[in-house]
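The values are calculated or read from the model by the stated rules, or taken from the named source; none is laboratory data. The model shown is predicted, which means the values in this text are computed figures rather than measured ones. Don't worry about glycine lacking a Cβ; one is built from the backbone with ideal geometry, like all the others, and counts go over all protein chains shown. With ligands, DNA and RNA removed, areas are computed over all heavy atoms of the protein, side chains included. Shrake-Rupley method; radii C 1.70, N 1.55, O 1.52, S 1.80 Å.
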Amino acid sequence: MAKSLTKKMPQRSARQSALDIARILRAAGHIAYLAGGCVRDPLLGLQPKDYDVATDAHPPQVRVLFPKAGRAPRITISER
């Protein structure tokens, strides 16, 4: 089982937090992309309202990498 690669995340911009999450997922060997409005909105000249990260990691794998995700409003794990 992979160990958690995160430390306490400092207050950062939503964009920087999403990039950090993608880097952690990639460092653990997963695919991770920014997705949704954060990609579309800048193409339309708009400021993104939120940042989504799409990954091939399954929810249990994400929970190992981000053990405090259930308590942090910034990270939501979904099986959509």
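Side notes on the structure shown:
- Charge dipole (segment 29-70, unit charges on Cβ, about Cα centre) - positive-most of 36, 47, 61: 61
- Take residue 51: with every protein chain present and a 1.4 Å probe, its accessible area is about 50 Å².
- Point-to-point label distance, residue 27-residue 58, nm (Cα→Cβ direction, 7 Å offset): 2.4 nm
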